[in-house]
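A.B. asks: Handing you this structure, nothing more for now.
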Ligand code: GDP
């Protein structure tokens, strides 16, 4: 199950449960069983899933639910917290400091994307002002040095390696020494991978690590590795001091749940994810926005970033004010549609808004959704100011709807459909009343 589907299944399970008139143990168990199945199908390790289920049961108090509290919110928050707990080992990884030499060693199986990721990591830091360098200590795979050389040259990053020398430890030490002298502040050592875990590989890794004394060892893991992720990550961790994880190929049809397992196995955070073959298809990984998006709760920090990027500066405070007032008029919907159309990949933006993602903007149907939004806007163009600014649903009687339909050259049923959409969104936005727009990464207000 790919991550988007996982999120969808969990959201649907929560939705179904909140539709039940009485939430008793059975309803809660059914809901948790669906969530459990979805996580297992996404390759999260069995033990983690079982613990998550037990923890949620302990946290969620059925009496609270019976007392009419917002059940979905309580359980969603518990699921959110538990998933964050799996993904966040509680301690940050070592972060290199600009101007101070750091050695970072990359480990992982062959084909995991290690060499590509080394360059991405170097390139990312170079753009931020670091002076990185790459050392190819992979003497096992023919062509590894060529690949690194090619990538490094493209990114204009200095590199070191040898076609002749077969001792990876020697190359690693020479490379690190050379770049220290050249005052590089981020020396990245790429090591060999093997097709499968084997003693020789781990011994080699240990020796390279002992000789170069890395400040950070990064374990690179292919997101499609599946249930094997936990054991694989643990095997690496037992051989070298893995301090961080990078999960690659998150752009594919990967069952990203393996990433959750890898964090648990190495007790090290995921720091970046690879989202493509190109150098800049590389993203910093943040636990809370990731899980939040996964559960369709909206990624507030991503949404805020987009707002800052797209909504004109002078309109930002007004929009946020309107959001927190929770008074959602048709004019606000119109303005939001305008913003959304400007924001670029429309599905991406929508998935950041709480409650919006699945209904209005089904994945893979972005074009259709965009056309629908434009159609709605044409109809709203035929509305009077009174209609646009009113939040009274009774105002829209039949004769007004007919007038709007005629003015926009549309059917009355389309106007009705648009008003239904408005009501749906107004309901969601009314929940934001009094909401403090959270600061980056803080999801506690949701
Ligand atoms: P290594 O053997 O671990 O060093 O793996 P490579 O760096 O050679 O990568 C193996 C293959 O995976 C190459 O074809 C890469 O282009 C590809 N690859 C690496 N990272 C990503 C990623 O994030 N997304 C996609 N789609 N492909 C990737």
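Each value in this text was obtained by applying a stated rule to the coordinates, not by laboratory testing. Since the structure is predicted, the reported quantities are computational estimates derived from the model, not experimental observations. With ideal geometry, Cβ positions are generated from the backbone for all residues, glycine too; neighbour counts draw on all protein chains shown.
A.B. asks: Each label point is 7 Å from the Cα along the Cα-to-Cβ direction; what then is the distance between the points at residue 374 and residue 194, in nm?
C.D. replies: 5.7
A.B. asks: Highest mean first, what order results for 258-266, 93-101, 212-220 on Cβ atoms within 10 Å?
C.D. replies: Answer by packing, highest mean first, reads 258-266, 212-220, 93-101.
A.B. asks: If each of residue 140 and residue 416 carries a label point 7 Å out from its Cα toward its Cβ, how far apart are those two points in nm?
C.D. replies: Inter-label distance under the simple model: 6.7 nm.
A.B. asks: Now for a separate question. Which peptide among 269-275, 113-119 comes first, and what is the full order, when sorted by highest mean count of other Cβ atoms within 10 Å?
C.D. replies: Put in order of decreasing packing, that is 113-119, 269-275.
A.B. asks: Could you rank the peptides 19-29, 380-390 by their average count of other C-beta atoms within 10 Å per residue, with the highest value first?
C.D. replies: Answer by packing, highest mean first, reads 380-390, 19-29.
A.B. asks: Provide the FRET efficiency to the nearest 0.05 for the residue 21-residue 231 pair, computing r from the beta carbons and using R0 = 45 Å.
C.D. replies: With a Förster radius of 45 Å, E is 0.55.
A.B. asks: Separation between the residue 37 and residue 284 pseudo-spin-labels, each 7 Å from Cα along Cα→Cβ, expressed in nm?
C.D. replies: Between residue 37 and residue 284, the label points sit 3.9 nm apart.
A.B. asks: Taking Cα pairs under 8 Å and at least six residues apart, what relative contact order does region 102-293 come out at, in percent?
C.D. replies: About 25 percent, as a whole number.
A.B. asks: A further question follows. Just subtract the alpha-carbon distance of residue 207 and residue 162 from 0.36 nm times their residue separation and send over the number in nm, one decimal.
C.D. replies: 14.4 nm
A.B. asks: Given a Förster distance of 25 angstrom, what is the FRET efficiency for residue 277 paired with residue 95, based on the Cβ-Cβ distance and rounded to 0.05?
C.D. replies: 0.45
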